[in-house]
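J.: Provided herewith is a single structure, encoded as structure tokens, for subsequent inquiry.
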Amino acid sequence: MSNVSGDRTDDGLSTAVAVPASTTVQSSPPTDRPVRVYADGIYDLFHFGHARSLEQAKKSFPNTYLLVGCCNDETTHKYKGRTVMTAEERYESLRHCKWVDEVIPDAPWVINQEFLDKHRIDYVAHDSLPYADTSGAGKDVYEFVKKVGRFKETMRTEGISTSDIIMRIVKDYNQYVMRNLDRGYSREDLGVSFVKAGHYFFSLFILLFLQQKNLHLEESIWVFVNLQQEKRLRVNMRLKKLQERVKEQQEKVGEKMKTVKMLRNEWVENADRWVAGFLEIFEEGCHKMGTAIRDSIQERLIKQIPRNRLENGEDDDTDDQFYEEYFDHDMGSDEDENERYYDEEEEFEDDKEKAVKMEAKDNK
């Protein structure tokens, strides 16, 4: 024998997978007080399938106090997925069910002994299909209570589930959008684009027009076809204008690209000439700047030398007189040196000649 395993849903539905069955021993219920039975789930879009499962849990014993745990949004979105109703809306839906005595918000995904002791729970009621826990190993969230004999099995209601309800809405999505638009909802409220909303409003207009005119089927079809053709013609005209504008913009962009290409080629051709001209101007500027710096230094030196002569008590001659004296002094000193050099040469020659004569005399 085997049970069926699957992913946990908000109302007890799952994808069936065969798993081995475990043998459990049913514990005895208390007789001196109401039996505290616990049922848990997501209970999104609360429907009669939920109510019937809670009814079975309430009637599992003659005197039952039914506690219903409902997971919060954080836990539900983490382990199951997005819900239509918020946690508070799901809590409030359970409080209005006549079979429920107490609602436990923020219920845990996996039941343990601490949770049972805290709420003094005698039994846990749910359908017999195992549901995966948070470990990822495929363990049943109700394995613990099944082993200790504190699990009460309930039967699921076929043909109804939260997933089925959502599937119906998704299947007939367009009709429900048109229904809500007709009732005053905006496209922003429904999350519909401007174009899509226009399509829905046009369809509503056609339906209302046909109802007001009370036309027969053939006439209705003819009117509808003409309106569709007129609409298609307007759309085609707008598309044609749009295509012409796009083509015009493309031509302008092409002209701009040609101009940019011509300017680029011109720049490449003139780049060497521009660089050479710049270097020539730069070199000329450097030469002028060097000349100016040299002239400035010479001018400062010229002004500084007469100032030193005045400090030494000498006459304040003009610049021309200073240069004449300076150069005459230099030239005079050079002549004196030359004269001394030649005098020394003559003396050396005379001494040599005398020495030769004396040596010849001694030989005789």
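The values are calculated or read from the model by the stated rules, or taken from the named source; none is laboratory data. As the structure is a computational prediction, the values presented were derived from the model and not from experiment. Don't worry about glycine lacking a Cβ; one is built from the backbone with ideal geometry, like all the others, and counts go over all protein chains shown. These area figures cover heavy atoms from the full protein model, side chains too; ligands, DNA and RNA do not enter into them. Shrake-Rupley method; radii C 1.70, N 1.55, O 1.52, S 1.80 Å.
J.: May I ask you to order 159-169, 237-247 by the average number of other C-beta atoms within 10 Å around their residues, highest value first?
T.: Final packing ranking: 159-169, 237-247.
J.: Another one. What nm distance separates the two modelled labels at D351 and R82, each placed 7 Å from Cα along Cα→Cβ?
T.: 12.4
J.: Let me ask you something else. I'm a student and want to see the number: the projected area of the Cα convex hull of region 80-158, averaged over all directions, in nm².
T.: About 6.6 nm², averaged over all directions.
J.: I'd like the accessible area for M262, computed on protein heavy atoms only with a 1.4 Å probe and all protein chains in place. Round to 10 Å², please.
T.: 130
J.: Output the peptides 63-73, 30-40, 248-258 sorted from most to least packed, where packing is the average of other Cβ atoms within 10 Å over each peptide's residues.
T.: Per-residue mean Cβ counts within 10 Å order the peptides as 63-73, 30-40, 248-258.
J.: Another one. With a point put 7 Å past each Cα toward its Cβ, work out how far E92 is from Y173 in nm, to one decimal.
T.: 2.8
J.: Ok, one more. Among the listed pairs K59/K171; K58/K118; K171/K231; K98/K146; K80/K171, give every one whose C-alpha distance is greater than 25 Å. Provide the component values of the computation, followed by the final result.
T.: Numbers: K59/K171 37 Å; K58/K118 20 Å; K171/K231 27 Å; K98/K146 27 Å; K80/K171 22 Å.
Cα-Cα > 25 Å for K59/K171; K171/K231; K98/K146; rest within.
J.: How many nm is it between the label spots at S128 and D101, if each spot is 7 Å from the Cα in line with the beta carbon?
T.: 2.7
J.: Here's something else I'd like to know. Gain in length, S186 to E283, computed as 0.36 nm per residue apart minus the alpha-carbon separation, to one decimal in nm?
T.: 27.3 nm
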